[in-house]
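Heads up, the thing below is written out as structure tokens.
Every number here is computed from the coordinates shown, using simple stated rules; none is lab data. What you see is a predicted model, and the numbers here were worked out from it, not measured in a lab. We place every Cβ from the backbone using ideal geometry, glycine too, and count neighbours over all the protein chains shown.
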Amino acid sequence: MEQRIERIKKQLHSQSYKLTPQREATVRVLLEHEEDHLSAEDVYMLVKEKSPEIGLATVYRTLELLSELKVVDKINFGDGVSRYDLRKEGAAHFHHHLVCMECGSVDEIQEDLLGDVEKIVEKEWNFYIKDHRLTFHGVCYRCRDDNTE
Ligand SMILES: [Zn+2]
Ligand SMILES: [Zn+2]
Ligand SMILES: [Zn+2]
């Protein structure tokens with residue numbers, strides 16, 4: 001945790017931003033809830049538990065800054081809510097999501113898996129891919145197990 005904060009701090013510094021205490025509080029919440037896909041309001045509620053002096057607007061601005069700096073990725077699962085997802089260290093592209101249409105759970109696939117597709121797109125469309133969002137909608141293994149009895 002401390003090492004990752006240190007690296008995020010360096011990442012901000014390299015872009016001439018400081019990891020202020022407010023920003024650090026937001027980053028800590030994101031790290032503590034890395035598996036979750038928190039909305040700005042979710043992040044705010046968690047930040048407030050430890051740092052009640054920090055306002056929603058500050059949390060919003062911090063999240064926007066972190067997404068500009070590619071520390072977090074912003075994602076929308078079709079419910080109109082922007083969620084914030086820490087980018088895995090060293091990942092060139094955003095990870096994929098499996099959204100269950102029955103229980104609403106969100107699982108992640110960390111491997112890119114798109115190597116062949118990316119090659120085709122770059123070749124056929126002469127398009128240089130910098131990133132992508134891939135969300136699968138379906139039924140997760142937990143819900144499938146329930147149904148197969
Ligand atoms: Zn994710
Ligand atoms: Zn990729
Ligand atoms: Zn499910």
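Packing here is the average count of other Cβ atoms within 10 Å per residue, and on that basis the peptides 111-117, 71-77, highest first, run 71-77, 111-117.
The angle between the Cα long axis of helix 2-14 and the longest principal axis of the Cα atoms of the chain comes to about 80 degrees, rounded to the nearest 10.
Per residue of the chain, the DSSP helices (runs of n ≥ 4 H) give a summed -39500 (n - 2.57) that works out to -13500 deg cm²/dmol at 222 nm.
Would you mind classifying the range 38-149 by shape? Square roots of the alpha carbon gyration tensor eigenvalues, ordered a ≥ b ≥ c; an a/c under 1.5 is rounded, otherwise it is prolate if a/b is larger than b/c and oblate if not. It is oblate, given that a/c is not under 1.5 and a/b is not larger than b/c. Relative to the dominant Cα principal axis of the chain, helix 40-50 is inclined by about 40°. Other residues within the sphere of radius under 15 Å centred on the Cβ of GLY138, judged by their own Cβ, net out at -3 (K and R +1, D and E -1).
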